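Just below is one structure, and these are the notes that go with it.
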Amino acid sequence: MILFLNLADPCDIAITEIASGNKKALERVYNEYGRMILSVAYQITGDFGEAEDVLQDTMIRILRLSHTYKKGTNPKAWVLKVTRNSAVDKIKEKKHTLSLEEISEKEKAQSAFEPQTLQQIMLRDALNTLSDEEKLIVKLRIYAGLSHSEIANVIEKNTVSVRKKYQRALEKLKNYCEGGR
């Protein structure tokens, strides 16, 4: 007697079930990817409150867009793309609603409550030498633990390009830290 094991990704099944009308399957997606979504959203928005909003928006979009998911593909990459789009939309929305004075006041308020170590300040300064895309790739790779191919899916670039940009970004960071700026 031969036994076949079901090796399908549980989120692949859950997203398919959501598309079929089973909204309770969304809980499985949240349990599996919720922390990752929050982490990626935070890396993109830079604000924990907004990252929480992005998490909520992403879960709503998964409900709404589940019919576009192709069963048997990579559910993690699909969820990350939905997350990225939600985060980018949140940033665009914020740009339209906040004035420069409000942003400055918010930054002052955050820095007053979040003491930064010298290491954190140096890391922030080093990251600021990178382009926005390089910064995102580094953050997704290091902080979110995504592979180059997962990052490529999120930012809609090819894996080779992401790998090269990541290597160049690390070289820039190394030069900055060695005083090359």
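Could we say that Ile18 is buried (at least 21 other Cβ atoms within 10 Å of the Cβ), hydrophobic (A, V, I, L, M, F, W, C) and in contact with a helix residue (DSSP H, G or I) (Cβ under 9 Å, 6 or more places away or on another chain) here? Lay out the reasoning, then the answer.
Working: buried (at least 21 other Cβ atoms within 10 Å of the Cβ): yes; hydrophobic (A, V, I, L, M, F, W, C): yes; in contact with a helix residue (DSSP H, G or I) (Cβ under 9 Å, 6 or more places away or on another chain): yes.
Against the criterion (buried (at least 21 other Cβ atoms within 10 Å of the Cβ), hydrophobic (A, V, I, L, M, F, W, C) and in contact with a helix residue (DSSP H, G or I) (Cβ under 9 Å, 6 or more places away or on another chain)), Ile18 qualifies.
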Look at Thr83 and say whether it is β-branched (Val, Ile, Thr) and under 17 Å from Leu146 (Cα atoms).
yes
Pair list, Cβ < 8 Å and 6+ apart or interchain, from segment 140-158 residues that are touching a residue at least 24 places away in the same chain (Cβ under 8 Å) to residues that are among the hydrophobic types (A, V, I, L, M, F, W, C) and not in a helix (DSSP H, G or I)
Leu140/Leu146; Val154/Leu146
Residues of segment 35-74 being in a helix (DSSP H, G or I) and touching a Phe, Trp or Tyr at 6+ places or on another chain (Cβ under 7 Å), in sequence order, are Ser39, Tyr42, Gln43, Phe48, Ala51, Met59
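Filter segment 159-180 down to the residues that are among the charged types (D, E, K, R) and within 19 Å of the chain's Cα centre (by Cα) and list them by number. Write out each step before concluding.
Of all residues in segment 159-180, those among the charged types (D, E, K, R) come to 163-165, 168, 171-172, 174, 178.
Across segment 159-180, the qualifying residues are Arg163, Lys165.
Please return the ranges of helices (runs of 4 or more DSSP H) entirely within segment 88-176 where 3 or more residues are modelled with pLDDT of 75 or more, charged (D, E, K, R) and surrounded by 14 or more Cβ atoms within 10 Å (Cβ to Cβ). Steps first, please.
On the way: elements: 100-113, 118-127, 132-142, 148-155.
Where helices (runs of 4 or more DSSP H) fall fully within segment 88-176 and carry at least 3 residues being modelled with pLDDT of 75 or more, charged (D, E, K, R) and surrounded by 14 or more Cβ atoms within 10 Å (Cβ to Cβ), they are 132-142.
The values are calculated or read from the model by the stated rules, or taken from the named source; none is laboratory data. Being a predicted model, the structure only gives us computed values, none of them experimental. Note: ideal-geometry Cβ built from the backbone for every residue, glycine included; neighbour counts use all protein chains shown.
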